[in-house]
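The values are calculated or read from the model by the stated rules, or taken from the named source; none is laboratory data. Keep in mind that this is a model prediction, so the values were computed, not measured. Glycine gets a Cβ as well: all are built from the backbone with ideal geometry, and neighbour counts include every protein chain shown.
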Amino acid sequence: MSRRLFTILFLAFVTASACSYLAWRTVGDRLDASRLAAGTRVVAAAEDIKLGAILTADDLKVISIAGGVPKGAILEKDKSRVIGRGVVSNLNQGEPIVESRLAVPGSGGGLAATIPSGMRACAIKVDDVVGVGGFVTPGMRVDVLISGTPPAPGTPSQGTEARTILQNIEVLSAGTDIQKDGEGKPKQAQVVNLLVDPKQAETLSLASNQQVRVLLVLRNPLDTEVAEVPGAAMASLFGDSVPPRPIVRPAAAKIARPTAPRTISIVVMNGSKRTEEQFASPEVRQ
């Protein structure tokens, strides 16, 4: 083979390789664009789904998302493994369903499936005013206050006192029961379920007696600082608080002990005979 022919074949090979590469890049870019236009098909909520509900096929639909998908999103091919799992937070219609919003498979639904390991759900009975007219909703953070007259026998009462016993507590459910009645409607229950640890659950159980009133105070979810609060007494609302006066108990009356009567001794000498006579003193006679 001549040198000239070899050079021609080499140049032809290089030209063909470059053309093939350019054609492959052009076709690949068009395929990627078509995939992005079509989007990724993921499982989403077909309607608003409340916390504690168990997903059924009617609760789910498939949507297409262009670009990146949320982390942990359920793809269309995995739709079957979502059915029967509980929801640990509210889902809005059309919202993609992710793993972090679902309970562990096999744990069922209801409030128990939303409780993390090591934590407890403690229920507090409240009225419509304490429930802040629906402003206390699941996911919010509250402080728990108690008000009442502290039992302190032996010391003067300062009237009603308020104390903050817990801070930055998450609300699991409020206003209505997460379960439904026979007609499928939420049960009205004036109870707020708080997510606490075992020690905090004991504190709440003591605060739920009939002698004190439990109040919930809303706080910013981003504010996680635990403040030092000394508490407040009713007396401090009416000017400067006056320290309690010490209780002065009357001293016990002293009982006089009886004293032996005083006597006077007289010695009488009659010759060698000596006698002694004793007489009572004039004060004893009187």
Check: Among the residues of segment 35-56, is there at least one that is modelled with pLDDT of 85 or more, farther than 27 Å from residue 117 by Cα, in contact with a helix residue (DSSP H, G or I) (Cβ under 7 Å, 6 or more places away or on another chain) and loosely packed, with under 14 Cβ neighbours inside 10 Å?
Finding: yes
Exception for residue 193 within (1) more than 30 Å from residue 86 (Cβ to Cβ); (2) at pLDDT 80 or above; (3) surrounded by 16 or more Cβ atoms within 10 Å (Cβ to Cβ) falls at (1)
With criteria (1) more than 27 Å from residue 119 (Cβ to Cβ); (2) modelled with pLDDT of 60 or more, residue 223 comes up short on (1)
Selection from segment 13-34 of residues at pLDDT 80 or above and either among the aliphatic types (A, V, I, L, M) or within 23 Å of residue 104 (Cβ to Cβ) (or both) yields 14, 16, 18, 22, 23
Only unsatisfied item for residue 28, checking (1) within 24 Å of residue 139 (Cα to Cα); (2) part of a helix (DSSP H, G or I); (3) not aliphatic (A, V, I, L, M), is (1)
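If only one of 69, 82, 88, 98 is touching a Ser or Thr at 6+ places or on another chain (Cβ under 7 Å), at pLDDT 80 or above and under 27 Å from residue 115 (Cα atoms), which one is it? Can you show your working first?
Values: 69 fails: under 27 Å from residue 115 (Cα atoms); 82 fails: touching a Ser or Thr at 6+ places or on another chain (Cβ under 7 Å); 98 fails: touching a Ser or Thr at 6+ places or on another chain (Cβ under 7 Å).
Residue meeting the stated conditions: 88.
Here is a yes/no grid of residues against (1) loosely packed, with under 15 Cβ neighbours inside 10 Å; (2) closer than 23 Å to residue 191 by Cβ; (3) touching a Lys or Arg at 6+ places or on another chain (Cβ under 8 Å):
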| position | (1), (2), (3) |
| --- | --- |
| 78 | yes, no, no |
| 98 | no, no, yes |
| 102 | no, no, yes |
| 105 | yes, no, yes |
| 110 | no, yes, no |
| 122 | no, yes, no |
